[in-house]
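Here's the structure, in structure tokens; my notes come after.
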Amino acid sequence: MRASAVAGIVFANSGDSFLKKLTAKRSMASVPFGARYRLIDFALSNLVNADINTVGIITKENYRSLMDHVGNGVHWELDRKNGGLYLFPPYLTSGVKKYNGTVDALYGIREFISRCQSEYFVICHTNVLANIDISAAVEEHIAQEADITLLYKKSAAVTESTDNLVLALDSCNKVTRIDFDVSVGKQAAYGLGVTIINRHLLLELIEKAYEEDLTDFFADVLAKKVRQFKVIGFEHKEYAAFLKSADSYYQASMDLLDADVRRQLFNRSRPIYTKTRDDMPTRYGTKAEVKNCIIADGCVIEGTVRNSILFRGVKIERGASVENCILMQETSIGADAQLNYVVSDKNAAVGKGMVLKGTQQKHFFIKKNEIV
Amino acid sequence: MKNKKCVAMLLAGGQGSRLGVLTSKIAKPAVPYGGKYRIIDFPLSNCANSGIDTVGILTQYKPLELNDYIGSGKPWDLDRISGGVHILPPYQGQDGEGWYKGTANAIYQNIEFIERYNPENVLILSGDHIYKMDYSKMIKNHIETGAACTISVLEVSMEEATRFGIMNTDENDTIYEFEEKPKHPKSNLASMGIYVFKWDKLKKYLTEDEKNPDSANDFGKNIIPAMLNAKELLKVYRFNDYWKDVGTVNSLWDANLDLLNPKINLDLSDKNWRIYSRNTGMPPQYVADKANVENSLITDGCEIYGSIDYSVLFENVLIEEGASVEYSLIMPGAVIKKGASVKYSIIAENVVVEEDADIGADPAVTGSEGWGITVVGANLNIGKKAKISANKMITESIKEEETV
């Protein structure tokens with residue numbers, strides 16, 4: 001297999017447990033986001049925008065919607081003769097024990113890693129939302145002759161302690177310590193879950209970790225080896241959101257209403273690709289009133305919508321009022337219904353005149369295909 | 001090469017001169033339509049949805065953008081191992097091949113292409129109509145009647161009939177006469193420019209027509225009359241759904257605004273008959289707090305801060321605060337800056353309308369005398385406070401405060 005100098009690995013299920021409602025029937029990677037995307041679109045686009053044309057996606061459960069979404073990778077131009085998209089669902093043989101951690105998962109695809117011949121691997125997760133210039137990070141990795149590069153964002157905003165990865169850096173941007181699951185009140189360098197690592201080192205580390213029965217490649221392996229190797233940090237200076245809970249998902253969605261965030265996340269020179277649906281443009285009716293909204297194609301809006309995110313194919317009938325809501329694909333809102341702080345999953349339907357009120361603290365959630 | 005039952009040949013080489021500046025750089029089939037489509041998406045999607053997987057696209061005038069748009073044919077599911085979409089430009093050869101002299105000559109010069117698939121029938125389409133049509137029904141009808149040629153027709157009013165090619169038929173829908181734009185029409189069956197021919201018949205008449213140096217090598221003017229003279233069986237196929245020729249500025253504008261009229265039967269959201277287009281990967285549209293959007297079609301990549309009424313906005317359009325757009329088409333990448341006003345106009349791709357410029361006019365204000373749609377050509381700049389009245393075709397940038 002001839003492949004690019006750099007290959008990608010995406011963990012599709014990391015953080016599944018943070019968005020329990022949205023991941024009941026799908027992986028984190030296929031959680032809808034931003035009116036027309038799935039979370040994995042950001043990781044895949046980041047990789048292909050850095051001319052990476054070989055990407056392996058590791059998934060362990062709930063991957064039907066993910067397979068449906070990524071298909072053969074054509075929407076990211078990953079349908080290639082050389083390289084392309086590889087989907088790795090669990091593959092249980094006597095050689096592989098269980099499939100419970102990232103060490104096992106990487107061990108399970110070590111053949112792919114060694115066959116790739118790409119000298120560098122970029123490992124990503126889908127629960128961090130950012131448009132990252134991976135090319136620049138790889139260049140830095142090579143220029144610094146680093147063994148491992150960890151991408152981070154300086155942020156003060158992370159209040160949820162779960163799954164945080166905090167880097168301690170010296171003045172040369174060398175990583176001196178990695179802490180997990182800590183709550184840092186002050187500004188810190190938070191890991192973006194993007195790791196650049198040399199292929200030989202990656203193979204060596206996973207073989208060893210597997211023998212030693214370690215579980216997590218990041219907490220149990222990388223964090224412990226920081227001083228053994230040249231591990232550097234690379235700062236991503238633009239927008240990034242950490243999706244760790246229903247709240248942070250909602251907040252990141254609403255961040256899109258800010259023009260600055262849109263400019264950074266939808267950087268026109270690094271487009272975010274997604275599966276296309278051939279919807280017609282969105283139609284605004286004669287009585288439509290739309291203020292401060294992000295809207296995908298294929299919607300029909302006859303009512304009032306404020307501060308909301310509408311996914312493809314949402315229908316809002318006359319007299320309905322929708323505020324502070326996230327309505328996913330094909331949600332339909334009947335005439336004169338009133339919604340505030342509602343998050344609806346795909347194909348939800350709200351009947352005529354219904355009143356659904358969540359609060360800023362507690363959103364009203366409508367399950368996939370649910371009729372209210 | 002696998003044999004095909006039917007091969008479609010799409011005539012896409014016309015200049016479309018009546019669209020003026022809109023086709024100065026691109027062929028008519030590549031003209032944007034309906035927010036995210038181009039005219040050619042309609043015949044191509046109809047082919048894909050009708051199960052026709054082999055389409056030859058005959059290009060001649062300004063083909064660059066059209067070629068680029070069609071690419072491998074992937075968006076229309078026409079990238080096939082056998083068949084698929086093929087761009088067929090004119091070519092040099094030893095037997096006097098060269099520029100396509102007429103619609104029939106264009107097909108004649110590509111007999112070799114069609115023969116590769118050895119089809120029973122050939123479907124001739126053009127790239128300047130907006131309609132959703134199941135060609136397989138027409139072809140089925142054509143096979144059942146055993147006609148040499150079946151021509152799709154639309155019933156129009158008798159007044160309109162004077163503007164069309166009219167088929168005069170007997171009670172069995174057999175054509176006995178064809179009249180181009182008759183002053184006194186005998187029938188109201190207008191040709192839609194969609195023909196199904198038995199391939200052996202078509203090949204025969206194309207070859208004969210080519211031998212006649214006086215022929216215009218045109219389907220309507222030469223091939224159909226020759227077949228009628230020879231007493232071939234020609235049938236009409238009646239189509240009674242939405243169909244519009246978008247060959248003029250007014251008809252293009254009308255056909256776009258038809259999408260906003262609930263009484264007009266052109267539903268592009270029908271999941272069983274998708275109209276496919278090439279997607280460019282723009283983010284979703286944003287409608288701001290101060291925006292006012294009513295009765296409009298808006299697509300990906302647009303950012304709306306101003307007010308929009310009764311308009312179609314194509315991808316990646318920016319409407320700044322205080323700008324207003326009414327009864328207009330704003331094509332991809334155009335920017336309408338603060339305080340500018342656009343009415344009854346077509347603003348082509350990547351035009352920048354500077355602050356407080358004023359383009360077009362409402363016929364209710366100016367009166368219908370001399371009124372018309374104003375068109376601004378692609379990539380032009382309309383200066384601050386410039387004023388452009390109704391019925392203008394703008395081909396060069398307009399300076400600040402200039403009045404046109």
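Readers should treat all values here as calculations from the given coordinates under stated rules, not as data from a laboratory. Source: prediction; values computed, not measured. No Cβ is skipped: glycine too gets one built from the backbone with ideal geometry, and neighbour counts run over all protein chains shown.
List of remarks:
- Each part reduced to its alpha carbon centroid, the stretch B:148-183 and the stretch A:236-288 end up 52 Å apart.
- Crossing angle, helix B:199-211 versus chain B [Cα axis fit, 0-90 degrees, rounded to tens]: 80
- The angle between the Cα long axis of helix B:135-145 and the longest principal axis of the Cα atoms of chain B comes to about 20 degrees, rounded to the nearest 10.
- Tilt relative to chain A, helix A:134-143 - C-alpha long axis, 0 to 90 degrees, to 10: 20
- Note on B:His184 and B:Asp95: the extension gain reaches 27.8 nm, defined as 0.36 nm multiplied by sequence separation minus the Cα-Cα distance.
- Under a model in which nothing but the beta-carbon of Lys, Arg (+1) and Asp, Glu (-1) is charged, chain A shows a dipole of about 800 debye around its Cα centre.
- Karplus-derived 3J(HN,Hα) values for the stretch B:263-274, using 6.51 cos²θ - 1.76 cosθ + 1.60 with θ = phi - 60°, are 7, 9, 8, 9, 9, 8, 9, 5, 6, 8, 8, 5 Hz; glycine and proline are entered as x.
- Label zone of B:Asn350 (point 7 Å out along Cα→Cβ, amide N under 19 Å): in the stretch B:273-287 this covers B:278-283.
- Two-site FRET efficiency, A:Asp213 against A:Lys362, from Cβ-Cβ distance with R₀ of 35 Å, rounded to 0.05: 0.25
- If you plug the beta carbon distance of B:Lys290 and A:Arg263 into 1/(1 + (r/R0)^6) with R0 = 22 Å, you get a FRET efficiency near 0.75.
- Put a dot 7 Å past the Cα of A:Asp79, heading toward its Cβ, do the same for B:Asp267, and the two dots end up 2.9 nm apart.
- Qualifying trypsin sites (Lys or Arg not before Pro) for the stretch A:224-272 [loop in DSSP, other Cβ within 10 Å: at most 16]: A:Arg227, A:Lys230, A:Lys237, A:Arg268
- Gap separating the Cα centres of the stretch B:228-304 and the stretch B:383-404, nearest whole Å: 29
- Taking other C-beta atoms within 10 angstrom as a stand-in for reagent exposure, A:His200, A:His125, A:His75 fall in the order A:His200, A:His75, A:His125, fewest first.
- By the count of neighbouring beta-carbon atoms within 10 Å, fewest first, B:Met138, A:Met254 end up ordered A:Met254, B:Met138.
- Calculated FRET value between A:Ser171 and A:Lys224, using beta carbons and R₀ = 22 Å, to 0.05: 0.40
- Estimated 222 nm signal from helices in the protein assembly as shown, with DSSP H stretches of n ≥ 4 weighted -39500 (n - 2.57), rounded to 500: -5000 deg cm²/dmol
- Placing +1 on the Cβ of every Lys and Arg and -1 on the Cβ of every Asp and Glu, with no other charges, gives the stretch B:1-74 a dipole of roughly 80 debye about its Cα centre.
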